[in-house]
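Bear in mind these aren't lab numbers, they're just calculated from the coordinates by the rules spelled out. Owing to the predicted nature of the structure, the values given are computational and were not obtained by experimental measurement. Here the Cβ positions follow ideal geometry from the backbone for every residue, glycine too, while neighbour counts run over all protein chains shown.
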Amino acid sequence: MMPPKLDDPLPGRTGAIVRRLAGLPPRAHFALGMVLLFVVAGVLGPLLVPFDAAATSPPDRLLPPGTRLSDGAVAWLGTNQVGQDILAAVLAGMRTSLTVALVTVVVAGSVGLLMGLLAGYFGGWADGIISRLGDIQLAFPSLLLAILLAGVLGPSMLNVIIALAVTRWVIFARVVRGSALAVRDREFVDSARVMGASHGRILIHYILPSCLPPLLVAATVQIGLTMVAEASLSFLGLGVPPSQASWGSTIAQGRDYLASAWWIAAAPGAALALVVVSIGILGDLLRDASDPMTEL
Amino acid sequence: MSTPALAESRTRDGDGPPLLELVDLVTAYRLRGGLGRSGAEVRAVAGVSLDVRAGETVGLVGESGCGKSTIARTIVGLVRPSSGQVLFEGRDLAALPARELRGLRQDIQLVFQDPYASLNPRMTIAALIKEAWRIHPGIVPRDRWDQEVRSLLDRVGLRPEHADRYPHQFSGGQRQRISIARALAVRPRLIICDEAVSALDVSVRAQILNLLDELRRDLGVAYLFISHDLGVVHHICDRVAVMYLGKIVEIGSKESVYLRPSHPYTQALLSAAPSLDDWRDGGRREIVLSGDVPSPLNPPSGCRFRTRCRLAQDRCRDEEPTLLDRGTGHPVACHFPETDPS
Amino acid sequence: MTRDVTPLLEVDDLAVEFDTPKGPLRAVRGVSFQVDEGETLAIVGESGSGKSVTAQALLGLVPPRARVTGGRVAIEGRDVTGLSDREWQKLRGERIAMIFQDPLSALNPSLTVGYQIAEMFRRHRGLGRAESRRRATELMVQVGIPDAARRLDDHPHRFSGGMRQRVMIAIALALDPRLLIADEPTTALDVTVQAQILRLLRQRQRADRLGMILISHDLGVVARAADRVAVMYAGRIAEVGTVAQVYEHPAHPYTLGLMRAVPALRDGGGPLVAIDGQPPDPTAPPAGCSFHPRCPFARDKCREVEPEPREVAPGRSSACHFAEEVIAGVHTGAR
């Protein structure tokens, strides 16, 4: 028996959230700040420093960071071989990367959630089919599958998302299936069945709440990995079309100039590394925090 | 083999139609086999016939693995019977369309053994009780829900102002009261108690037993009371069925079974059950069974108890005894029942 | 009661505290009792009464967050409070042995039971492999494991619950200890198997003139297996006496309440008289007698003054201000 705590200086949900945030380790604050910075930059950046993939400016080719351009502006991260501003390219790439990652994870997560619930809760042949399909797909390198799909579908942002979502849903389905399986035969679920609760009610009120925390952890980790995958596809020319900026394609442009104009590849590369590492840290923290929750 | 037992119990207490009737019920589990093979079949319940009349309390006693909990899970529909019937007021639950079955579910409720595991930890007490009314609309009009929650909590001896607390804020005995309140919310006519007081301390157990007694008196609810504790069953039940390895070996009124146990297993159980008077040496015969219960995967031929029975003869190996009144006052599944075990 | 020999075990004013976020929790307070050779003392109580913590303290095995804060424990006249871990290890097994509720978690799943029994002889007695094995087989026969010679090489999971508990008893008895502490030894077992194990314990205890402490929540088991009883409530001993004394004429209202809360196996069995309420929160015990909020006979004195255990008859003590009235049945009529 645990008596309720009464000496709570900051009552309510907001209070609890503030207190938990303050209690987090420094790396969490760093990661959280970094992710916030990137999101804001990705949303607002292209409005302030617009990027036009078609516009070229031959006089401004391959200028190092900090050089003043012919139009009077300063290229803080230098320019590429056709005279485009790298900062603008990185910010626009940020937006592409975020969009692709978020939409992919939402789509793959939803499909995975549905499949995982079906497989974990109902078991039987549904589980057999879904799990075998997942096994087969996981046995095949996911980037290779994405390359294949993207190559067939042709370069467009939608196709990148489809290709990546197809390769990612299995991971979510497995996480959800595991949690659903663990809760399915718990006594309090049986007690709802005895009460006459329908499958829908049990799924929504009993199984789903236990699946969400691990799903959230998996989604966080997958956002980072999807960003890398998108960059990889674009690097290979199978990602977003040339009219849209992507870190992958910018890095590809810089590949031939690594010795002379290192900033072309380094700037998007560093951005990608920073954001993926930060998201990874957040994922770990979420995992730690959700462990006692999954016990419930 | 079901008829004699049923006929006997019917004639005992008038002709009221049984609320619940099990007819030659068999529930089997399939064990998980190796690669590509389906596993062996375990008949946890191997042909049980039993009835419970309105307002009556029937005890089902036996040791772990005898199938008594499987019977509970079969009746409430958590597992499917392999053969035989579960009849509620004469209607076969397996043959009912889903919609009607859902309605019938509210008539039979189950109280589990572990009050720590059987309540959803994410729901408040009020939400747990109201859920019953969400599932079965029409029992209580929505505008009276809060009032009804308070009166149910009061009914089971909890403070109504605790309705907004979560299960983990209560002790084991209090949680069992919550489970009972939740079961009562749908106004059931039969409550199956599966070892419902076994996890509780002595003093709290008495509180819950008294509560169950009160509810029967006030609401006329019937119980199928499953327990390994012979003292508790003696206290609360009108009739008792003793199970061994998936079958009923003896069934009858409480007085008859406890005073004149006729099956050697019942006798051994009663003599082994600890009681407050055990310190007075002598006066009672102690029958200590040798060995362990055989695996239900591979039950002995003939009488299932013969491997541990002190009376076993060749006939017990060859021929399975049916549940019959052989002059002991109630049905016994034994070829050589004793009328007076003193 | 006059004694001319030192008792096997003497516990005097034992106190154990747990450190909790809400402050110290006094799990055991002022517990005193003794156990003689050849007798079984049962410590009976409900969950949280401190009975298991008391047993752990006797073995020098209190949990990490707990510590013994007072009192004296003497085994065969030797004060064992403040022994080093090494000295405890020697004492356990050689002089005191224990049996737990769950034999499966106390046995090593990857070693054969024969090896685990024989290990006692090898490690503590320095016997050779063949001799240890022979002694292990002997022991298994003694504790009633059929076909002992063959089952020696089986792993614990091949044994049933009752057989595993027999293995635990064999290990406990291997080195001829003088004191056996059995913590709920039959709680996990079925009724018929429980009867077998209780009978075995009784036989071995009589044959070897062991002193035994039986920790149990089951008054029926205690009635069957013990000579004397100590009833614990909220960390203190409510009363001590022989089984006949305590069961026939309880000297504490809590014991009386427990007895009336147990459904009888025979005769009419009137309505159960439950003890109202819940045991107290151990971090905030009530003033006066810790049982007074649930006691039907509580008076002003009970709310103000905590009763100390006192001798109410030879060999019999009670921690109730009105023990004499309870014994005489003044409040209850004839039981």
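Below are the figures for this structure:
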quantity: Sequence-distant aspartates and glutamates (8 or more away, or on other chains) whose Cα lies within less than 17 Å of C:Lys301; calculated: C:Glu324, C:Glu325
quantity: Estimated inter-spin distance, B:Glu100 and C:Asp102, nm [label 7 Å along Cα→Cβ]; calculated: 4.7 nm
quantity: Estimated distance in nm for a label pair at C:Arg310 and C:Asp208, the labels positioned 7 Å out from Cα along Cα-to-Cβ; calculated: 4.1 nm
quantity: DSSP bridge orientation in the protein assembly as shown - percent antiparallel, rounded to nearest 5; calculated: 60 percent
quantity: Helix-derived mean residue ellipticity, 222 nm - over chain A, DSSP H n ≥ 4, -39500 (n - 2.57), to 500; calculated: -23500 deg cm²/dmol
quantity: Rounded, prolate or oblate (a/c below 1.5 giving rounded, otherwise prolate when a/b exceeds b/c) for segment B:146-294 by Cα gyration tensor; calculated: prolate
quantity: FRET efficiency for B:Ser301 and C:Glu94, using Cβ-Cβ distance with R0 set to 56 Å, rounded to 0.05; calculated: 0.70
quantity: Semi-axes of the equivalent ellipsoid for the protein assembly as shown, Cα gyration tensor, largest first, Å; calculated: 63, 37, 30
quantity: For segment A:220-296, the Rg and Dmax computed from alpha carbons only, in angstrom; calculated: 16.2, 58
quantity: Theoretical FRET efficiency, 1/(1+(r/R0)^6), r = Cβ-Cβ of A:Ala54 and A:Asp185, R0 60 Å, to 0.05; calculated: 0.50
quantity: Kirkwood hydrodynamic radius (C-alpha pairs) into Stokes-Einstein, segment A:74-295, 37 °C and 0.692 mPa s, D in µm²/s; calculated: 173 µm²/s
quantity: Within chain B, percent of DSSP bridges classed antiparallel, to nearest 5; calculated: 60 percent
quantity: Ellipsoid semi-axes in whole angstrom, largest first, where each is sqrt(5λ) of the Cα gyration tensor of segment A:147-209; calculated: 39, 11, 7
quantity: Listed pairs B:Lys130/C:Lys51; B:Lys254/C:Lys51; B:Lys130/B:Lys247; C:Lys22/C:Lys51 exceeding 31 Å between Cα atoms; calculated: B:Lys130/C:Lys51; B:Lys254/C:Lys51; B:Lys130/B:Lys247
quantity: Those trypsin sites (Lys or Arg not before Pro) in segment C:200-280 that DSSP places in a loop and that have at most 12 other beta carbons within 10 Å; calculated: C:Arg209
quantity: Net length gained if the chain between B:Asp154 and B:Arg122 were fully extended (0.36 nm per residue, minus Cα distance); calculated: 9.3 nm
quantity: Most positive-pole-ward Cα, A:Leu153, A:Ala270, A:Pro242, against dipole of segment A:74-295 from beta carbon charges; calculated: A:Leu153
quantity: Projected label distance in nm at B:Glu161 and A:Ser110, using a 7 Å step from Cα toward the beta-carbon; calculated: 4.7 nm
quantity: Where the Cα pairs of chain C fall when distances are cut into 10 Å bins, in %; calculated: 5, 24, 32, 24, 11, 3, 0
quantity: Anisotropy class of segment B:148-204 from Cα gyration tensor, a/c 1.5 cut; calculated: oblate
quantity: Efficiency of FRET between C:Asp153 and A:Leu21 - r from beta-carbon atoms, R0 45 angstrom, step 0.05; calculated: 0.15
quantity: At 1.306 mPa s and 10 °C, Stokes diffusion of segment B:76-146 via Kirkwood alpha-carbon radius, µm² per second; calculated: 110 µm²/s
